[in-house]
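Okay, so here's the structure we're looking at.
The values are calculated or read from the model by the stated rules, or taken from the named source; none is laboratory data. Bear in mind that the values here come from a model prediction, so they are computed numbers and not experimental data. Methodologically, a virtual Cβ is constructed for each residue, glycine included, from the backbone with ideal geometry; neighbour enumeration extends over all protein chains shown. Ligands, DNA and RNA are stripped out before the accessible areas are found, and what is left, the full protein with its side chains, is counted by its heavy atoms. Shrake-Rupley method; radii C 1.70, N 1.55, O 1.52, S 1.80 Å.
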Amino acid sequence: MTEPGSQDIPQLVVVPARPQGASGRSEVVLEMREQPGGGFVLPVFSSVALLIEQLGRFQPWVCLPLASVMPADPGVRVVIDPRIEEAAPRWQEPALQELATAAGREDEELS
C-alpha cells in the first residue's frame, strides 16, 4: 500500500469488512492488512468505486463514519484511498459465496 495524495477528509468511509459469527451473534470484522515492517493498516475508501478499483468487485464492505474506525491501538494506521499492490490478496467469488452461505446458516440458527 502506498500513502494517498492530499485530499479532503471524508466524513463517511467505505471499509473492507466481513460478517463473522461469534457466540451466537453476528459481528462485522474490519479487514486490516499487515505491513512488512510490522504493524497494521486499515485501508478505507472515500467511495465504493475506489474500493472496487483497488480490491475488486467481490470485496465485502461497510460504510461507516471515519471517526468510528479510528483505532485506539497505536500499531494500527488508517489510510484513506490507498493504492493496493496487485499481488495483495483479494476476495474471489467462491469465497464470497461461501461467506454468504455461512451467514445464511447463522441467521437460521438465530431464528
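Set side by side, the residues Ser47, Ser26 differ, and just one is surrounded by fewer than 16 Cβ atoms within 10 Å (Cβ to Cβ), closer than 25 Å to Asp8 by Cβ and hydroxyl-bearing (Ser, Thr, Tyr), which is Ser47. Against the conditions (1) in a strand (DSSP E or B); (2) modelled with pLDDT of 95 or more, Val29 satisfies every one except (2).
Within segment 32-44, track down each residue that is in a strand (DSSP E or B) and under 29 Å from Gly104 (Cβ atoms). Before the answer, list the steps.
Of segment 32-44, the ones in a strand (DSSP E or B) are 33-34, 40-44.
Hits for segment 32-44 are Arg33, Leu42, Pro43, Val44.
The residues of segment 45-96 that are part of a strand (DSSP E or B) and of a type in the set (A, V, I, L, M, F, W, C), listed by number, are Phe45, Trp61, Val62, Cys63, Leu64, Val76, Val78, Val79, Ile80.
Residues that are at pLDDT 95 or above and charged (D, E, K, R) within segment 32-56 comprise just one, Glu53.
Annotation: of all residues in segment 1-26 being among the hydrophobic types (A, V, I, L, M, F, W, C) and not in a strand (DSSP E or B), the one that is modelled with the highest pLDDT is Ile9. If you filter segment 23-55 down to residues that are hydroxyl-bearing (Ser, Thr, Tyr) and free of Cβ contacts under 8 Å to residues at least 40 places away in the same chain, you find that the one that is farthest from Leu99 (Cα to Cα) is Ser46. Residue count for segment 77-90, restricted to those that are under 14 Å from Met32 (Cβ atoms) and open to solvent by 20 Å² or more (accessible area, probe 1.4 Å): 4.
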